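Structure incoming, see below.
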Amino acid sequence: MERPEDWRRERARVLAQARVVVIKVGSAVLTDAQGLNAAVLDSLAGQLARLAAPGTGLPDGRRLVLVSSGAVAAGRTALAARGRQVETTGLAARQAAAAVGQGRLMQAWDTAFHVHGMPTAQVLLTRDDLRSRQRFLNVRNTFAELLQWRVLPIVNENDTVSVSELKFGDNDCLASLLVNLTGADLFVNLTSSPGVLAADPQREPDAPVMEHIDDVAALDLGQLCGGKTSVGTGGMYSKLLAARRAAQIGVPTLILPGRAPDVLSRAFAAGADSGATPIPGTWVRPAGHAIPRRKFWLAYQSEPAGGVTVDAGAAQALLRKGGSLLPGGVRQVEGAFQKGALVRVLHEGRSLGVGLSNYSAADLKKIMGLKRHEVAAILGDAHYPEVIHRDNLLLDAAV
């Protein structure tokens, strides 16, 4: 698809004009063998404070949201300093380490920002907080108030109470959901990598950094990305998956080397310079057509509870004709989900998207492959024409 704007101009424009920015920083940037690296936190706090300060381009400054990993690593190091070497591979151990480290992480950030006169607020979330529409709206209103007060929300997963293997999956996922919740204009992901490499670094150590990615949805992430970092839970795979989610709602992502000197300040200053100055890292362009934010919310509010495999005709109707999924197109049902659950839609082993099922798995198994009058004969008149209505379906979901 032909883009109306060159990617460099697009990057310069967004960096200069973005009013709400979500910044995520990972454990591999913030921590080392001794725990939280105070010099790194101080440097990032200074850069973020300058970004938030009123300036000539944006008289009111920017509103920032910081998603910070590091609680588990901080807790593990704090315990080691007291002679307790703990393994944090299991869920309970990770939650306990996070409970030890979260206070230390927040205190370190608050101290770093206090020097710059920037008040902070701790926000701990679980996926349940965003799954319920009412709670989602409550959280959104809280963020809006904090940003109006020019308070910096510092967000992390509420590891000590969340379930299902630490929940959002990782803070890259959490940050991408906050891009939607806060109405952000830009997503910045600070990583231990110099940017997105053009090939898996484990196979090609000299692979160059990609300056930009036109269509993140077209990338084969399994081939492109290596493994997870040693102290984090993500790696470049999850960062690009998060960038793909942001792109779907029309928001670009800038993936930067978090420990590079003054990397944030340099990137935004170069943006104000109309793109003439080189910027490190990788610019991930937004999709040409943004999806409705409601669809974004329903697709990512929880992990899929099961799956439905569809035949070729149904796949064609979904992908090419913008249709809904009907019972006749369903060939297999996986899982034990209830009515209203989020499920994957699959064809020949490939995920086509996710959607909200109008039927439980038990009822769907009774009617799959049947025509509408046959469904009525089994379930009576109180049935839905569609298994998944197109308004409740997101194709090419980044899950």
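Kindly provide the set of residues from region 328-385 that are among the aromatic types (Phe, Trp, Tyr) and at pLDDT 95 or above, ordered by number.
Answer for region 328-385, where residues must be among the aromatic types (Phe, Trp, Tyr) and at pLDDT 95 or above: Phe337, Tyr359.
Additional query: What is the one condition in (1) of a type in the set (D, E, K, R); (2) touching a Lys or Arg at 6+ places or on another chain (Cβ under 9 Å); (3) modelled with pLDDT under 95 that Arg19 does not satisfy?
If we test Arg19 against (1) of a type in the set (D, E, K, R); (2) touching a Lys or Arg at 6+ places or on another chain (Cβ under 9 Å); (3) modelled with pLDDT under 95, just (3) comes out false.
Only residues that are within 21 Å of Ala305 (Cβ to Cβ) and either of a type in the set (S, T, N, Q) or open to solvent by 70 Å² or more (accessible area, probe 1.4 Å) (or both): list them for region 353-372, please.
Within region 353-372, Ser357, Asn358, Ser360, Lys365, Lys366 meet the criteria.
Output the residue which, of all residues in region 262-288 that are closer than 30 Å to Ile388 by Cβ and in contact with a Gly (Cβ under 8 Å, 6 or more places away or on another chain), is modelled with the highest pLDDT.
Step by step, filter region 262-288, then rank; the result is Pro286.
Kindly indicate whether Gln34 is open to solvent by less than 10 Å² (accessible area, probe 1.4 Å) and of a type in the set (S, T, N, Q).
So Gln34 fails the test.
Hey, among Leu30, Leu41, which residue is touching a strand residue (DSSP E or B) at 6+ places or on another chain (Cβ under 7 Å) and on the phi < 0 side of the Ramachandran plot?
Of Leu30, Leu41, the one residue that is touching a strand residue (DSSP E or B) at 6+ places or on another chain (Cβ under 7 Å) and on the phi < 0 side of the Ramachandran plot is Leu30.
While we're on this one: Which of the residues spanning region 295-327 are of a type in the set (Asp, Glu) and at pLDDT 95 or above?
Scanning region 295-327 gives a single hit, Asp311.
Another one. If a residue has to be of a type outside the set (Gly, Ala, Ser), out of contact with any Phe, Trp or Tyr (no Cβ under 6 Å at 6 or more places or on another chain) and in a helix (DSSP H, G or I) to count, how many in region 127-159 make the cut?
18
Here are Lys228, Lys239: which of them is at pLDDT below 85, on the phi < 0 side of the Ramachandran plot and of a type outside the set (Ser, Thr, Tyr)?
Every option except Lys228 fails the conditions.
Here is a follow-up. Considering only residues that are open to solvent by 10 Å² or more (accessible area, probe 1.4 Å) and either free of Cβ contacts under 8 Å to residues at least 60 places away in the same chain or in a helix (DSSP H, G or I) (or both), which ones fall in region 13-31?
Arg13, Val14, Ala16, Gln17, Ser27, Ala28
Under 9 Å between Cβ atoms, at least 6 apart or on separate chains: pull out the pairs that start in region 373-393 with a residue that is over 20 Å from Val308 (Cα atoms) and end on any residue that is open to solvent by less than 40 Å² (accessible area, probe 1.4 Å).
Once the first residue is over 20 Å from Val308 (Cα atoms) and sits in region 373-393, its partners that are open to solvent by less than 40 Å² (accessible area, probe 1.4 Å) give Ala376/His383.
Do the conditions hold for Leu51, that is, is it in a helix (DSSP H, G or I) and either open to solvent by 20 Å² or more (accessible area, probe 1.4 Å) or not aromatic (Phe, Trp, Tyr) (or both)?
yes
Which numbered condition in (1) buried (at least 18 other Cβ atoms within 10 Å of the Cβ); (2) at pLDDT below 95; (3) outside any loop (DSSP other than H, G, I, E, B) is the only one that Ile255 fails?
The one condition Ile255 does not meet is (2).
Out of curiosity, is Glu334 of a type in the set (Asp, Glu) and out of contact with any strand residue (DSSP E or B) (no Cβ under 7 Å at 6 or more places or on another chain)?
no
Take region 37-48 and flag every residue that is in contact with a helix residue (DSSP H, G or I) (Cβ under 6 Å, 6 or more places away or on another chain) and open to solvent by 50 Å² or more (accessible area, probe 1.4 Å).
Asp42
Just name the residue that is modelled with the lowest pLDDT out of those in region 207-225 that are among the small types (Gly, Ala, Ser) and open to solvent by 30 Å² or more (accessible area, probe 1.4 Å).
Here the answer is Gly222.
Does any residue in region 32-49 that is more than 14 Å from Thr77 (Cβ to Cβ) come within less than 6 Å, Cβ to Cβ, of a residue that is modelled with pLDDT of 95 or more and surrounded by fewer than 18 Cβ atoms within 10 Å (Cβ to Cβ) six or more places away or on a different chain, and which pairs are these?
Ala49/His116
I'm trying to understand the selection: among the residues of region 297-319, which are in a helix (DSSP H, G or I) and either small (Gly, Ala, Ser) or surrounded by fewer than 16 Cβ atoms within 10 Å (Cβ to Cβ) (or both)?
If the condition is that a residue be in a helix (DSSP H, G or I) and either small (Gly, Ala, Ser) or surrounded by fewer than 16 Cβ atoms within 10 Å (Cβ to Cβ) (or both), then Ala299, Ala312, Gly313, Ala314, Ala315, Gln316, Ala317, Leu319 are the ones that fit.
Picking from Arg62, Arg9, which residue would you name as being of a type in the set (D, E, K, R), under 19 Å from Trp283 (Cβ atoms) and exposed (fewer than 15 other Cβ atoms within 10 Å of the Cβ)?
None of the others qualify; the one that does is Arg9.
Oh, and also: Quick check: anything in region 67-74 out of contact with any Cys (no Cβ under 7 Å at 6 or more places or on another chain), at pLDDT 95 or above and either in a loop (DSSP other than H, G, I, E, B) or not acidic (Asp, Glu) (or both)?
So far as region 67-74 goes, yes, one or more of its residues are out of contact with any Cys (no Cβ under 7 Å at 6 or more places or on another chain), at pLDDT 95 or above and either in a loop (DSSP other than H, G, I, E, B) or not acidic (Asp, Glu) (or both).
The values are calculated or read from the model by the stated rules, or taken from the named source; none is laboratory data. Since the model is a prediction, treat every value here as computed from it, not as a measurement. We place every Cβ from the backbone using ideal geometry, glycine too, and count neighbours over all the protein chains shown. Surface accessibility is based on the protein's heavy atoms, side chains included, excluding ligands, DNA and RNA. Shrake-Rupley method; radii C 1.70, N 1.55, O 1.52, S 1.80 Å.
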